[in-house]
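To start, the structure under review is shown below, and the notes come after it.
Since every read-out is calculated from the coordinates, none of them should be taken as a lab result. The model shown is predicted, which means the values in this text are computed figures rather than measured ones. So basically every Cβ, Gly included, is an ideal-geometry build from the backbone, and we count neighbours across all protein chains shown.
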Amino acid sequence: MWSPACHNRAMARRSRKPQQPRSAPRQCPCGSGRAYAECCGPLHAGEGRAASAEALMRSRYSAFALGDVPYLLRTWHPDTRPGELELDGTRIWTGLEILATTGGSAFHTEGTVEFRAGFRDVDGPGVQSETSFFHRVDGAWLYHSGETD
């Protein structure tokens, strides 16, 4: 999710201050309808692992929405993980829609998640569409890479 290429293009378009972590919300940003403390919150706190590629995708979306850079780096495959990550402090994530998944369960070592994520930033509202690729390493799902539309 959130490919470095797409992120780097956005970074080059405009100058902005880095995003500061936001406080934990009551409702989980991932769109599950559950409380953050019962959904992505424990994963962000290191109190468990995502059970599927989709669960990791949702938790990473929430981490982007909350500015949790350490979680994003921790859940990024070491073969593709950037040395550092600076989030756009002006971008507000407004919703996640999962369009399709393949693999990504406890019985798989790879999975894909196709999604759309809405946002608002200094240029107005927008949508990021991507197919993200996940690999399971030592029992943990990790984001590997993504293809944007």
>> Return the equivalent ellipsoid semi-axes of the range 16-149 as a descending list in whole Å, where each equals the square root of 5 times an eigenvalue of the C-alpha gyration tensor.
In response: 22, 17, 15
>> Starting from 0.36 nm per residue, how many nanometres of slack lie between Arg120 and Ala106 once their C-alpha separation is accounted for?
In response: 1.6 nm
> What FRET efficiency, computed as 1/(1 + (r/R0)^6) with R0 = 30 Å and r the Cβ-Cβ distance, is obtained for Thr148 and Ala45, rounded to the nearest 0.05?
Replying inline: 0.50
> What is the range 25-149's relative contact order, in percent, from Cα pairs under 8 angstrom and six or more apart in sequence?
Replying inline: 22
>> Please report Rg (one decimal) and Dmax (integer) in Å for the Cα set of the range 49-93.
In response: 10.8, 31
>> Test of the criteria: in the range 81-149, which chymotrypsin sites (Phe, Trp or Tyr not before Pro) are in a DSSP loop and have at most 13 other Cβ atoms within 10 angstrom of their Cβ?
In response: Phe107
> Whose amide H sits under 5 Å from the amide H of His144, counting only residues 5 or more places off or on another chain, with H placed in the peptide plane?
Replying inline: His77, Phe133, Phe134, His135
